[in-house]
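I have placed the structure first, in the form of structure tokens, so that the comments after it can refer back to it.
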Amino acid sequence: MPADPAMKILVVDDMSTMRRIVKNILKQLGYANVEEAENGQEGLIKLQGGGFGFVISDWNMPVMTGIDMLRAVRADETIKKIPVLMVTAEAQQENLIEAVKAGVSNYIVKPFTAETLQEKINKIFP
Amino acid sequence: MADTNGHLYAELGDLARYLDTTLRKLDDAGAPLTTMSAQLPQAATHLEGLTKLTEEGTHEVMRLTEELQDSHAIVVGQLRKALMAVDNNENTPCVACLLRESQQLVAQEDKQLIGSRDRLAGTLTKVAETLTKGQTGGCVACTLTQSIHSLSQDDKRLIEIMTALSFQDLVAQRVKKLTTIVHDVERKLLELVVVFGLKHENATPEIKTDATDMLKQLKATNETAMKQNLVDDILGKFGFN
């Protein structure tokens, strides 16, 4: 099912610049309903609050990493079906395998282009 | 037997002298070691400052980029106004068609992000030329010409600029790794200061107790940055200011 432009998207990254970049690209793609979180723990709390249709998360973050947040999301019955896209500088094969095992919906390596983000969103919401 | 004992005694004497020389050398190394320990927090602070500076600079570029994107939205609004104006003029139906096409291209472009910039510019140029040649709609032509100019100047690479700014995140991640290494080296140097301080002949039982506590605290900071007061305590306790 194609992505609903009104769906609420959560962008999780400890770097304010990356959150702003992702938010800006999403806006250009037509997704204006975007919220932010600075780490996995904050992200998880927001997700458990409900209403989110999609998550874009970094991997390396203080307090709770993106991969730990992903595992927590997949272990929570109420939010486990939310698609999670990892956007990370961790480009090692083992990282990708770890993310796939944890239930990631797709994976982008930084630095990335707007086209790549759009392509991944289209794959997650065909 | 006597020869063996004599040889062993000589070997032990050499070993004792070697140990004494080594300890003296270590004592000599103490001062530069401590100076380095004191300078490392400054290095870490400079690295953290680097992250902050690049972050601030990146946000400023983003602010300007977003202003340009907002300007693009205004241009699109102007095109829609122009379309309405031409729509009300019954003598220019083909121009209205061209403007509708332009509007559709802009809408598609918003969805597809980069797509058909050149086609849009070409179509709008055609519209402007048509309106300029006609008896009516001269001011609409001016608006469209300005819009074309704004689009060609502002819009093409805005998204690329925005995404290129992700360099700051990658720089910050590397600086963070460097900061971690600096903190680790600092911790190890301070452990050496404490250990050598305990070996020193003037170390009192009180200093020995304090030093043991400090070593425990240093071990506890393995995963975090050390507090400056702990660093100062250790250096102060062993006679370094």
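Taking Cα pairs under 8 Å and at least six residues apart, what relative contact order does the stretch A:8-118 come out at, in percent? Each step should come with its number before you reach the end.
Values: 177 pairs, mean separation 26.9, N = 111.
Worked out over the stretch A:8-118, it gives 24 percent.
Distance between the 7 Å Cα→Cβ label points at B:Arg24 and B:Glu48: 4.2 nm.
Once the chain from B:Thr180 to B:Gln217 is taken as fully extended at 0.36 nm per residue, the excess over their C-alpha distance is 11.6 nm.
3J(HN,Hα) along the stretch B:6-21: x, 5, 4, 4, 5, 4, 5, x, 4, 4, 4, 5, 4, 5, 4, 4 Hz, from the Karplus curve 6.51 cos²θ - 1.76 cosθ + 1.60 with θ = phi - 60°, whole Hz, x for Gly and Pro. Model label points for A:Lys81 and B:Leu64, set 7 angstrom from Cα along the Cα-to-Cβ axis, are 4.7 nm apart. Residues whose amide H lies under 5 Å from that of A:Ser57, counting only those 5 or more places away or on a different chain, are A:Val12, A:Leu85, A:Met86, A:Val87; hydrogens are built 1.01 Å from N in the peptide plane. List every residue whose amide H lies under 5 Å from the amide H of A:Lys8, counting only residues 5 or more places away in sequence or on a different chain, with H placed 1.01 Å from N in the peptide plane. HN-HN under 5 Å from A:Lys8: A:Gly53.
So if the hydrodynamic radius of the stretch A:1-93 is defined as the Kirkwood radius over C-alpha pairs, what does Stokes-Einstein give as its diffusion coefficient at 25 °C and 0.890 mPa s, in µm² per second?
Values: Rh = 13.2 Å.
Stokes-Einstein gives a translational diffusion coefficient of 186 µm²/s.
Sum up the charges of everything whose Cβ sits under 13 Å from the Cβ of B:Leu165, counting Lys and Arg as +1 and Asp and Glu as -1, but leave B:Leu165 out. Please report the intermediate quantities before stating the final value.
Details: positive: A:Arg19, A:Arg20, A:Lys23, A:Lys110, B:Arg63, B:Arg157; negative: B:Glu55, B:Glu56, B:Glu60, B:Glu66, B:Glu160, B:Asp169.
In short, 0.
None of the figures in this text is laboratory data; all of them are computed from the coordinates on show. Not measured: the values here are computed from a predicted model. Cβ coordinates were reconstructed from backbone atoms using ideal geometry, including for glycine residues, and neighbour counts include every protein chain displayed.
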